[in-house]
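Encoded as structure tokens, the structure appears first; notes follow it.
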Amino acid sequence: MLADFDSVTAALDRRIHEAFEGSKEAQLLESIPGIGEFTAVALVAELCPIDRFDNIEKLCSYAGLVPTSHQSGETSYQGHPKRDSNALVRWLLVEASWSHRRQDTSSDVSKVAKRVGRRRGKQKGSVAGAHKLLKIVYAVLKRGTPYTPERPSPGANPAKP
């Protein structure tokens, strides 16, 4: 049974690799620490074309990485993350944020996740890290350039190939 399982997974791995090789967006996403071929292909399948999201807030809402909001008069309450969202994207990003934190301990994703994790718990820290990672994914796809850990200068506008 194990040999059959290995042959089936090997065939699936080949197909994922072929899809990865055929997608420029997936190859750009793999430049981000913590995102491998499978995660990159799955994110491209769910998020592209990225231009359908007007801004980063709408993408974060689509992924379910923003809190619900309840307001009445002067009172405002921020609740749990949205439930009516794309659970696959949220799961992929939370898992990728854990991997990113292991690979690059000094990145912004790691810093945000650790800061929130100390204050509110590891699970909420991982969601905060996933939210920051989604912002990086959006920037990489929107600009069409590989991930760079340093922030671009305010006047820099890289030319799209």
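Computed from the coordinates by the stated procedures, all read-outs in this text should not be read as laboratory data. These numbers were taken from a predicted model, which means no experiment stands behind them. As a convention, Cβ positions derive from the backbone with ideal geometry for all residues, glycine included, and neighbour counts pool all protein chains shown.
Remarks
- For the stretch 20-66, a residue qualifies if it is touching a residue at least 60 places away in the same chain (Cβ under 8 Å) and among the hydroxyl-bearing types (Ser, Thr, Tyr), and exactly one does: Ser31.
- Output for the stretch 57-79, where each listed residue is outside any helix (DSSP H, G or I), surrounded by 16 or more Cβ atoms within 10 Å (Cβ to Cβ) and among the small types (Gly, Ala, Ser): Gly64
- Residue in the stretch 100-127 that is surrounded by the most Cβ atoms within 10 Å (Cβ to Cβ), counting only those that are of a type in the set (Gly, Ala, Ser) and within 17 Å of the chain's Cα centre (by Cα): Ala113
- Each residue in the stretch 1-56 was checked for being hydroxyl-bearing (Ser, Thr, Tyr), part of a helix (DSSP H, G or I) and surrounded by fewer than 19 Cβ atoms within 10 Å (Cβ to Cβ), and 2 pass.
- Positions within the stretch 23-57 being touching a His at 6+ places or on another chain (Cβ under 6 Å) and over 24 Å from Arg101 (Cα atoms), in sequence order: none
- Test: residue in the stretch 80-87 that is touching a residue at least 12 places away in the same chain (Cβ under 8 Å), among the small types (Gly, Ala, Ser), surrounded by 16 or more Cβ atoms within 10 Å (Cβ to Cβ) and within 14 Å of Gly129 (Cα to Cα): no
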